[in-house]
Amino acid sequence: MSDSATTIRGDVPAALISAPGSGAGKSMLTAALARLHRNAGRDVRVFKYGPDYLDPMVLEVASGNPVYQLHPWMTGMAECRWRLAAAAAAADLVLVEGSMGLFDGSPSSGDLAASLGLPVVPVIDAAGMAETFAAVALGLRAYRDDVHLSGVIANRVGSAGHGRLLAGALPDDLPLLGAVPRDAALDIPDRHLGLVQAGEVTDLDERLDTAAGILRDAGLEALPATVTLEGEAPVRPPPLLEGMRIAVARDEAFAFIYRANMELLAAMGATLTEFSPLRDQALPPCDALWLPGGYPELHARRLADNLPLLLAIRSHHAAGCPILAECGGLMVCMEELVDSDDAAHRMLGLLPGRAVMAGRLTGLGLQSLDLAEGELRGHTFHHSRLDTELEPAARTRRTRGGSAGEAVYRRGSLTATYYHAYFPSAPAAVAAMFRGAPLQIEEG
């Protein structure tokens, strides 16, 4: 960020790693590619397309650098251009991990590639597939003229002969960049919201180094084509949080935090202090509190047993100090949290009712909250539901169809919702929440 617009430009080998759909293995292959080139002494910058907290955790460990989200709607195209240009000006390699299938969603990973001229490398799961592999690859290439495929990667290949068969089925102008065999090192455990958090995989570095070696042996050590990336750095936001101290819950139960959100709060003048609701028995000195999303349902007993911390948060709220609670944070603000084993745990009791694990996806998609200070964009993704009679103060708006989305609750100085906000989309609205201002809904 700067006090005035500054153009940044860089030339760098770059590629968007995508797939025909979810489950092809692109997340771990992107991480393994980052580790392969990092181990070769290169400065690797990786980005994740779309709203995602878990993949970036692994990608940060793999690359050794911060990972930011890119999405033409949620983060805005100007920010996509700026972040990629800044990376291009400093790094030796830029990788973007796509989301779902190459053309899934609106906007899709393919839209980003087309807008920025990024070459695309699809990862195709070749298990149980022979010549049809080429049909899938050619279909991806032919679907849009403005999306360029520089080659494809075959994943979960059964043998060297299988790899040669796949390569022979492709035309010369769409090469097989590598045939990656099945290997446990290329798998990371997952759970209901996605990958297991990187910090919970005790041998992650070892797995990544092994995976990098597998990709090297598969012939994937070559750099992608060099592209030119250009963008304007955003203007520094006004100091709307100057002098404010914000305590941020961060541990295994509360980890769904965009780096860009933290950086924006600091750029607006806030002093940020992290604490652990699982381990700490008191809040750090603060004027406002942020309870982000995560996995409180997996740690509900420990949260309930940490009575000193629960009492400290209740006192913070009773004193009229602002609290922003998102998704997992909302669940902890209820009177009870019912986990996946149907065990009920006492929580903060700042909102009436309880959060109940549903055993299925109950909220998904891009949404926005229209406030007088701006359109706050973000997404929702959760496997629980609320049982409450409390009427929402507002509702988000779904991007698909524009219908009402997640409830936004207000009780005193607390703002709580399942919705995850991307703070840079509306800095003034975020500052108003952390200052405890009433929600001013923009009437559409």
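Brief remarks on what is shown
- Here the contact order of region 245-434, divided by its residue count and restricted to Cα pairs under 8 Å and six or more residues apart, works out to 20 percent.
- Given their separation in residues at 0.36 nm each and the Cα-Cα distance between them, D205 and D341 gain 45.7 nm when the chain is fully extended.
- Here the relative contact order of the chain, from alpha carbon pairs under 8 Å that lie six or more residues apart, stands at 14 percent.
- Share, in percent, of DSSP beta bridges within the chain that are antiparallel, nearest 5: 50
- Rounded to the nearest 0.05, the FRET efficiency derived from the C-beta distance between L138 and R400 at R0 = 30 Å is 0.50.
- Viscosity 0.890 mPa s, temperature 25 °C, Stokes-Einstein D of region 6-232 from Kirkwood C-alpha radius, µm²/s: 141
- A Cβ-based charge dipole, computed about the Cα centre of region 245-434 with Lys and Arg at +1 and Asp and Glu at -1, lands at about 260 debye.
- Kirkwood radius for region 9-89, taken over all pairs of different Cα atoms as the inverse mean of 1/r, rounds to 13.2 Å.
- For region 206-277, the Cβ-based charge dipole about the Cα centre amounts to some 240 debye (Lys, Arg positive; Asp, Glu negative; other atoms uncharged).
- Taking every alpha-carbon pair under 8 Å whose residues sit at least 6 apart, region 6-232 reaches a relative contact order of 31 percent.
- As a proxy for reagent exposure, V44, V96 were ordered by neighbouring Cβ count within 10 angstrom, fewest first; the result is V44, V96.
- Of the DSSP H helices in the chain, those whose Cα atoms cover at least 18 Å axially and whose Kyte score averages 0.0 or more: 77-90
- Here's the picture: charge each Lys and Arg Cβ at +1 and each Asp and Glu Cβ at -1 in region 314-444, and of A355, G436, H345 the one pushed furthest to the positive end of that dipole is G436.
- Put simply, the amide H of F47, placed in the peptide plane, has neighbours under 5 Å in L95, V96, E97, leaving out anything fewer than 5 places away on its chain.
- Region 245-434: C-alpha pair distances exceeding 31 Å, %: 10
- A dipole drawn for region 245-434 from +1 and -1 charges on Cβ atoms has a positive end, and of A300, L311, I257 the residue lying farthest that way is I257.
- Against the rule of thumb 2.2 N^0.38 Å, how large the Cα Rg of region 125-272 comes out: 1.50
- Rounded FRET efficiency, nearest 0.05, which uses the C-beta distance separating A318 from E221 and R0 of 45 Å: 0.15
- Measuring r between the beta carbons of E263 and A130 and using R0 = 51 Å, the FRET efficiency lands at 0.60.
- Calculated P(r) tail over 12 Å for region 260-315, as whole % of Cα pairs: 70
- Dividing the summed -39500 (n - 2.57) terms of all DSSP H runs of n ≥ 4 by the residue count of the chain sets its mean residue ellipticity at 222 nm at -8000 deg cm²/dmol.
- Potential lengthening of the chain between R279 and D187 amounts to 30.1 nm, from the contour at 0.36 nm per residue minus the alpha-carbon distance.
- Radius of gyration, Dmax [the chain; alpha carbons; angstrom]: 22.6, 70
- Using only side-chain charges placed at the Cβ, +1 for Lys and Arg and -1 for Asp and Glu, the dipole size of the chain relative to its Cα centre rounds to 220 debye.
- Potential extension, S150-A372 segment - 0.36 nm per residue separation minus Cα distance: 75.4 nm
- Ellipsoid fit via the Cα gyration tensor, region 59-129: semi-axes of 22, 17, 11 Å, each the root of five times an eigenvalue, largest first.
Values in this text are rule-based calculations from the coordinates and carry no lab data. Since this is a predicted model, take the numbers as computed values, not measurements. All Cβ positions, even for glycine, are placed from backbone atoms using ideal geometry, and neighbour counts span all protein chains on display.
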